[in-house]
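Structure, as structure tokens:
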Amino acid sequence: MTAQIIDGTSIGAKVQEEVKQAVAQMKEEHGYVPGLATVLVGEDPASATYVGMKQRTCEKLGIRSIGHTLPADATQEEVEALVAKLNADPDVNGILVQLPLPKHLDEEAVLNTIDLEKDVDGFHPVNIGRLAMKGRNPLFVPCTPAGCMRLLKESGIDPNGKEAVIVGRSNIVGLPMAMLLQKANATVTICHSRTKDLAAHTRNADILVAAIGWAEMITGDMVKPGAAVIDVGINQKEDATKKRGYRLVGDVEYDSAKEVAGAITPVPGGVGPMTIALLMENTLRAAQIALSKK
Ligand code: NDP
């Protein structure tokens with residue numbers, strides 16, 4: 001059996017198109033244009049690339065993008081002062097502080113400073129806390145796990161009553177993903193680096209999410225036949241046939257897993273395009289919240 005390929009590129013494009021239309025409608029009906037402020041501290045090339053992609057997507061969808069760059073040696077006070085200024089700016093609906101921050105900065109304290117209603121990354125402890133609690137809903141859900149849930153939904157995969165296994169428990173992917181699947185009535189198991197006999201858990205999963213950061217760690221023999229496999233990982237693998245000397249692979253060994261799974265996301269073209277699409281959707285939502293208070 002060869003799995004259904006979950007096409008994140010086309011599902012992400014559909015989400016972006018929906019956001020674009022809603023932004024145009026907001027502008028026409030209310031004369032209001034959503035704004036996303038990005039905060040980049042330092043010159044890490046990967047972070048600069050991610051921020052650039054987010055800014056370009058904003059422009060494509062009619063969202064105003066306001067970029068702020070601070071030097072790598074910016075102090076805690078300087079970063080927090082910038083966030084406070086953006087909190088007070090009525091033209092800014094969403095604030096995105098690109099992580100990771102340089103090591104000398106207290107990331108949690110910076111995230112804590114972001115106004116809850118502008119927390120479009122969904123990393124504020126109150127938003128995460130609401131996500132964890134029964135009967136509560138956060139204003140914003142972290143973009144990558146929200147994108148994974150959208151991929152499942154658009155592929156007709158309902159987590160209700162299913163066994164879901166998440167490999168990885170980071171604050172930005174694994175943990176919120178587990179909370180979302182649990183909210184969607186899956187029975188959830190979280191695996192991590194101390195898990196004994198990982199394969200025994202993954203083979204039990206109707207929905208398997210890999211968010212490890214370890215190239216092709218989950219092989220086909222670790223996948224339950226017919227399972228939905230969501231591969232969050234983005235890793236560089238040496239490849240002499242490529243001009244840049246590597247290619248991107250996920251945390252799942254795609255070729256073997258796709259022969260066993262019922263549905264699978266490719267890398268690239270799976271979860272990646274969803275993260276940015278959901279960031280745009282969260283920014284639109286932040287603008288809707290601001291507009292409703294005017
Ligand atoms: P982290 O490094 O923060 O977390 C990795 C998790 O994997 C940890 O919980 C760790 O366990 C667990 N882990 C590590 N080794 C093993 C092992 N041998 N067996 C089982 N679990 C293990 O990574 P992130 O969550 O930030 O990212 C994960 C991957 O997703 C990366 O490849 C990253 O590039 C990618 N990513 C992709 C995004 C996208 O848009 N597609 C967005 C964000 C991330 P422990 O907690 O015990 O250390």
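Summary table below
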| read-out | value |
| --- | --- |
| Hits in segment 227-243 (condition: touching a residue at least 40 places away in the same chain (Cβ under 8 Å) and either in a strand (DSSP E or B) or surrounded by fewer than 20 Cβ atoms within 10 Å (Cβ to Cβ) (or both)) | Ala228, Val229, Ile230, Asp231 |
| Complete set of residues in segment 57-69 that are part of a helix (DSSP H, G or I), out of contact with any Ser or Thr (no Cβ under 8 Å at 6 or more places or on another chain) and surrounded by fewer than 17 Cβ atoms within 10 Å (Cβ to Cβ) | Lys60 |
| Test result for Val19, in contact (Cβ under 8 Å) with a residue 24 or more places away in the chain and touching a helix residue (DSSP H, G or I) at 6+ places or on another chain (Cβ under 8 Å) | yes |
| Residues (more than 16 Å from the ligand (Cβ to nearest atom) and small (Gly, Ala, Ser)) located in segment 157-175 | Gly161 |
| Members of segment 223-242 that are closer than 15 Å to Ala3 by Cβ and in contact with a strand residue (DSSP E or B) (Cβ under 8 Å, 6 or more places away or on another chain) | Val223, Lys224, Ala227, Ala228, Val229, Ile230, Asp231 |
| Residue within segment 208-225 that is surrounded by fewer than 24 Cβ atoms within 10 Å (Cβ to Cβ), more than 14 Å from the ligand (Cβ to nearest atom) and either in contact (Cβ under 8 Å) with a residue 60 or more places away in the chain or assigned to a strand (DSSP E or B) (or both) present | yes |
| Any chance Ala72 is free of Cβ contacts under 8 Å to residues at least 60 places away in the same chain, part of a helix (DSSP H, G or I) and more than 16 Å from the ligand (Cβ to nearest atom) | no |
| Verdict on Val97 being within 25 Å of Leu284 (Cα to Cα), of a type in the set (Val, Ile, Thr), surrounded by 15 or more Cβ atoms within 10 Å (Cβ to Cβ) and within 16 Å of the ligand (Cβ to nearest atom) | yes |
| Evaluation of Arg194 against (1) within 16 Å of the ligand (Cβ to nearest atom); (2) of a type in the set (Lys, Arg); (3) within 30 Å of Pro34 (Cβ to Cβ) (one fails), failing number | (3) |
| All positions within segment 244-280 that are buried (at least 24 other Cβ atoms within 10 Å of the Cβ), more than 12 Å from the chain's Cα centre (by Cα), of a type in the set (Gly, Ala, Ser) and within 14 Å of the ligand (Cβ to nearest atom) | Gly250 |
| Residue in segment 77-95 that is β-branched (Val, Ile, Thr) and part of a helix (DSSP H, G or I) present | yes |
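Values in this text are rule-based calculations from the coordinates and carry no lab data. Quick caveat, the model's predicted, so the values are computed rather than measured. Glycine gets a Cβ as well: all are built from the backbone with ideal geometry, and neighbour counts include every protein chain shown.
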